[in-house]
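What follows draws every value from the coordinates through simple rules; no lab data is involved. It should be emphasised that the depicted structure is a prediction, and the values quoted were computed from it without experimental measurement. Don't worry about glycine lacking a Cβ; one is built from the backbone with ideal geometry, like all the others, and counts go over all protein chains shown.
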């Protein structure tokens, strides 16, 4: 049996590892197909984007994860999925057949048809985009240092973070920590740097607990971040953001973190609904073909208790990867399939260095301890992928790295 797993995000990597564990001694050929040679820790991208850590700390080589397993890693970009013919096309020319398919192609930014947003903003959605943001901010500060007029410098020293969800809050907090070093490095006045977070909803972190929202607001304000809440963006121009209340913010750096949609290839090849997410049954199988499992951000997986779509988070993606592997194993061994029942262990976010927010069961925490929890969760996740061997490799790579770019 040829089993192809598309995508090496949280869902795809977990599915491939569990398939290898469950089917390793059976006549099954498991392939993981991915464009890049590494697994990206998407929940940590705000750190290299702000320049407070090296990009290598959030890129885990796939060869380190799958070394010693029976999973074949194939590098290429999936350009078509031909469900009726049971084949996948890579780079528009290479055709691979499959007996079972696991689609974990992830998400991409959703721009909500806001004029100019896609063309004139940067998005924090991948390791490459994080590096682009870091380099762009450095370039803007370097250019500002060449100007003598404060009014001319202002747009180059202004960063607008559009979106006050987890990604936007974590990035704004991390960048605020780097601003003093960044200003010193380029010789620009620290007091002229403006970090502005714009959110259409009346609060940051929509859906989060009020005490934790208040804590996030307090931390960001103390770090010098200006918050503009309840004001939607209506247009983005080259070098400026226009808000619904008539405000126009001149800024040469506009980072969009206001939402995601499923990979557009999924929408082209499967039945989809909200934001291009593919419709799946209770076993995470595509409604178009039960031989195809769709998981992670690409799937419109429903919580059977509420009937609502499960949010596209890393922990849900991992759970779905495990279940898809388990159900594929059940198919092969003649056992009944297991329906999807999401579980949330808790939610943890950071607001800059050493400050975290956490909701774990009935507990709501803010301060240093939640930040430690998030770091521990990251190391625990890496351990789940490759045990102590992978942890040592990641740790060893980080030894020569400085904690921040001064």
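Using every pair of separate Cα atoms, the Kirkwood estimate puts the hydrodynamic radius of the range 217-376 at 19.0 angstrom. Computed over the range 117-256, the P(r) tail beyond 28 angstrom holds 13 percent of alpha carbon pairs.
In this calculation the C-beta distance from residue 384 to residue 119 is compared with R0 = 30 Å, giving a FRET efficiency of 0.15. Across the range 153-195, Cα pairs under 8 Å and at least six residues apart give a relative contact order of 55 percent. Counting Cα-Cα pairs of the chain in 20 Å increments starting at 0 gives whole-percent bin shares of 26, 55, 18, 1. Computed extension length for residue 1-residue 344: 120.2 nm, one decimal, from 0.36 nm per residue of separation with the Cα-Cα distance subtracted.
The label-point distance for residue 335 and residue 185, in a model that sets each label 7 Å from Cα toward Cβ, rounds to 5.1 nm. Give the shape of the range 259-327 as rounded, prolate or oblate, defined through the alpha-carbon gyration tensor: a ≥ b ≥ c are the square roots of its eigenvalues, a/c under 1.5 means rounded, and otherwise the shape is prolate if a/b is larger than b/c and oblate if not. Rounded is the answer for the range 259-327, as its axis ratio a/c remains below 1.5.
Here r is the Cβ-Cβ distance between residue 67 and residue 281 and R0 is 35 Å; the resulting FRET efficiency, rounded to 0.05, is 0.50. Once the cut-off is 26 Å, how many percent of the Cα-Cα pairs in the range 284-406 end up in the long-distance tail? Across the range 284-406, Cα pairs with separations above 26 Å total 40 percent.
Using the rule -39500 (n - 2.57) for each DSSP H run of four or more residues, divided by the residues of the chain, the 222 nm mean residue ellipticity is -11000 deg cm²/dmol. Can you tell me, using C-alpha contacts under 8 Å and at least 6 residues apart, the relative contact order of the range 117-256 as a whole percent? That works out to 33 percent. Given an 8 Å cut-off on Cα distances and at least 6 residues of separation, report the relative contact order of the chain as a percent. Normalised by residue count, the contact order of the chain is 19 percent. Spacing of the modelled spin labels on residue 99 and residue 26, each 7 Å from Cα toward Cβ, amounts to 0.9 nm.
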